[in-house]
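In what follows, a structure is listed as structure tokens, so that the remarks can point back to it.
No value in this document is a laboratory result; all are computed from the given coordinates. These numbers were taken from a predicted model, which means no experiment stands behind them. So basically every Cβ, Gly included, is an ideal-geometry build from the backbone, and we count neighbours across all protein chains shown.
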2 protein chains.
Amino acid sequence: MDLHGGNIYRVKRERGEEVLDYSSNIAPFKLPNSIKEIVVENFDKLERYPDIDYIELREAIAKYNGCDIENVVVGNGATEILFLYMKSIKANKVLIVAPTFAEYERAVKLSGKEVSFFKYQEGYELDIERLIESIGENEVVVICNPNNPTGKFQSLEKLERLADFLERTGKKLFVDEAFIEFINDWRDKTSALLKRENIFILRALTKFYAMPGIRLGYGISYDMELLKEIKDKREPWSVNIIAELIGKNIIFDKEYIECVENWIEIEKRWFYKELLKIDGMIPIETETNFILIELKERKAKDIQSLMLEKGVLIRDASNFKFLTENYIRLAIKDRESNERAIKSLKEVLM
Amino acid sequence: MDLHGGNIYRVKRERGEEVLDYSSNIAPFKLPNSIKEIVVENFDKLERYPDIDYIELREAIAKYNGCDIENVVVGNGATEILFLYMKSIKANKVLIVAPTFAEYERAVKLSGKEVSFFKYQEGYELDIERLIESIGENEVVVICNPNNPTGKFQSLEKLERLADFLERTGKKLFVDEAFIEFINDWRDKTSALLKRENIFILRALTKFYAMPGIRLGYGISYDMELLKEIKDKREPWSVNIIAELIGKNIIFDKEYIECVENWIEIEKRWFYKELLKIDGMIPIETETNFILIELKERKAKDIQSLMLEKGVLIRDASNFKFLTENYIRLAIKDRESNERAIKSLKEVLM
């Protein structure tokens, strides 16, 4: 089984045809034509190295987030920043709130650190006091917010309470906000507002800005020592010039942003309501652009195979820590695709 | 001083104008229009993740090199592969043949290994028997071939002799062939021909294929255990989709390849001959697309400043191990630019 969703290439190689990809959580919008034009106009820049300091890109990201350029570190996808963070922090024990994205565990282990897990409570809610009691010797807490694969979002108040507690003992909080732009009024809810030295924010342009192919992620931090450590460890020129070009422009494309915001607001509710109508499954109400579903009796891998026969690739979520063989995850896409996915699910399950 | 050449961005920020970049060693050709068209046609693929296994790209690279797909590992520039190699090998001591590219030392140190250096002989030639005698407890030898910054190329016979010796004691050879395509008849001279388990070949599309902005490098290895180790350690989707698209096409673009081969054959001789005519410097005869120059009296940093005033950015090579403050490195570019660089050098030195 794949560690990640989205292996549409293997599926295509094996089946010889395209499928509808519900396994990776990307906004279902084309990049605006304005962006395409920027790439074509700047094609000759491929023949240059990127700016090793990424000044313009980091300035744009700082402006987008209301922080300073020195608080921004960019990477070849959020993954590079995650791995650099884990390699750079002075800590031996890391606590991951799970079920969640599998790469945190890989990054912790590959950096030679010890990993343990804290399980979300009933309904995938987070009891922050119970988490605090469980920290023990752990020096860093990792939380994905909104969380992949559960779709739940934890309030700023909860995370501030957690960061406060951690700060008193010189410990750190790592918040992956790769999906935060799908949350309504996210600018009032991001942990970046706290501007705290012990909070590191991870972001990706992969999801909301629908450019996983082009690879661009970044981190926001107020810990200058840690940022220096990351800088010393990073490989030069890791962000390619197209990512740099697209990235610094698309985050200010109001039309694109409004379009995605309007879509998710409506579509996540519609999709959830439609899923509720299907017998044999319990959809977990989501605040973001994907949804976790518990199958009452059927196995995820069977449903995945049956859906694939109908041309829809879904994520078998049973390899997420603390989930069982009865969990699947679906992206939320455009209405037409969603109708097709719902129809297929009905046929397969009912 | 910068660890690398090519910081045209900082120069532009500081001077407010473009310069002629002789500090990074990129072929001075535009990417073919056919490649531009491929990118435009495939623009929508940016909205997908790259193939996590990079099957098509690795197949193309295997074909280009006459090896099998399982011998090829791709990376976000050659740098990613270099760092992964150093992290993945079971060795504690690494010997680097120097003066050479600074990232080898960084990669060795960041992987927690010990580094030592073996100095090229007179005229930057390599006495392979002396190198063999110096290996001692070192378990890996790193050699850049052709070597940056000296422009010298070591024969396949020498490297085979070295690999033979290393093999007898279970040791490894790492050959960076980032610039090998600039060598006349390189296909008969690459260490990849040896297909040996203890030789790892590093390649880049950055230089010959003039796409440093887009980031693509790869490794060729016959050590299946090491390749598995690298695979286990690598970050997913590190090669972006544009690099994948361009990469798998440009390496078969005969017209582009012939054009670059014809240019370097003529231009490296012309450039060297013209440099010989300038008093106050000793150019080191090169076999590739850049040239190291010893200044008889003047300091590299002074000449670099004076050249910059004339709008030409050159590489102050004095921070290369074993070089002094009297060394500069120049890329070789198109004739018109080369004439301008030669003219500026004359004015500055004579």
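Contact order, relative form, for chain B: 23 percent (alpha carbon pairs under 8 Å, 6 or more residues apart, mean separation divided by residue count).
Rounded to the nearest 20 debye, the dipole magnitude of chain B is 740 debye, with +1 charges on Lys and Arg beta carbons, -1 on Asp and Glu beta carbons, and the Cα centre as origin.
Within the range B:1-140, DSSP assigns beta bridges of which about 10% are antiparallel (rounded to the nearest 5). About its Cα centre, the range B:117-229 has a charge dipole of approximately 380 debye under the convention of +1 per Lys or Arg Cβ and -1 per Asp or Glu Cβ, with nothing else charged. Multiplying the residue separation of A:Phe252 and A:Asp44 by 0.36 nm and removing their Cα-Cα distance gives an extension gain of 72.5 nm.
Take every DSSP beta bridge whose two residues both sit in the protein assembly as shown; close to 50 percent of them are antiparallel.
FRET efficiency for the pair B:Asp53 and A:Glu339, taken as 1/(1 + (r/R0)^6) with r the Cβ-Cβ distance and R0 = 41 Å, rounds to 0.80.
Dipole of the protein assembly as shown computed with +1 at Lys/Arg Cβ and -1 at Asp/Glu Cβ about the Cα centre; of B:Ile293, B:Leu216, A:Ile96, farthest Cα towards the positive end is A:Ile96.
With Cα atoms as the point set, chain B shows a radius of gyration and Dmax of 20.1, 57 Å. The range A:185-246 and the range B:174-219 have Cα centres spaced 32 Å apart. Listed by chain and number, the aspartates and glutamates whose C-alpha is less than 17 Å from the C-alpha of B:Lys93, apart from same-chain residues fewer than 8 away, are B:Glu103, B:Glu105, B:Glu114, B:Glu133, B:Glu137, B:Glu139, B:Glu167. Calculated FRET efficiency, B:Arg13 to A:Ile278, Cβ-Cβ distance, R0 = 56 Å: about 0.45 to the nearest 0.05.
The order of B:Thr206, A:Thr190, going from fewest to most other C-beta atoms within 10 Å of their C-beta, is A:Thr190, B:Thr206. Eigen-decomposition of the gyration tensor built on the alpha-carbon atoms of the range B:276-329 gives equivalent ellipsoid semi-axes of 16, 13, 12 angstrom, largest listed first.
Taking each of A:Lys189/A:Lys273; B:Lys45/B:Lys109; A:Lys158/A:Lys301; A:Lys87/B:Lys254 in turn, the alpha-carbon distance tops 31 angstrom for B:Lys45/B:Lys109; A:Lys158/A:Lys301; A:Lys87/B:Lys254.
Placing a label point 7 Å from the Cα of B:Glu137 along the Cα-to-Cβ direction, the distances to the matching points in the other copies come to 3.2 nm, shortest first.
Cβ crowding within 10 Å ranks B:Leu166, B:Leu330 as B:Leu166, B:Leu330, fewest other Cβ atoms first.
The mean sequence separation of alpha-carbon pairs under 8 Å and at least six residues apart, normalised by the residue count of the range A:133-192, gives a relative contact order of 42 percent. Annotation: extensible slack from B:Glu325 through B:Lys301 equals 7.9 nm (criterion: 0.36 nm per residue apart, minus Cα-Cα distance). The mean sequence distance of close C-alpha pairs (under 8 Å, at least 6 residues apart), as a share of the length of the range A:32-182, puts its relative contact order at 18 percent. Just round it to a whole percent: the fraction of Cα-Cα distances in the range A:18-116 exceeding 24 Å. The answer is 49 percent, as a whole percent.
Secondary structure note: in chain B, about 50% of the DSSP beta bridges are antiparallel. Ellipsoid semi-axes for the protein assembly as shown, based on the Cα gyration tensor and the rule √(5λ), read 47, 26, 26 Å when sorted largest first. Neighbour counts of C-beta atoms inside 10 Å place A:Tyr327, A:Tyr9 in the sequence A:Tyr9, A:Tyr327, starting with the fewest.
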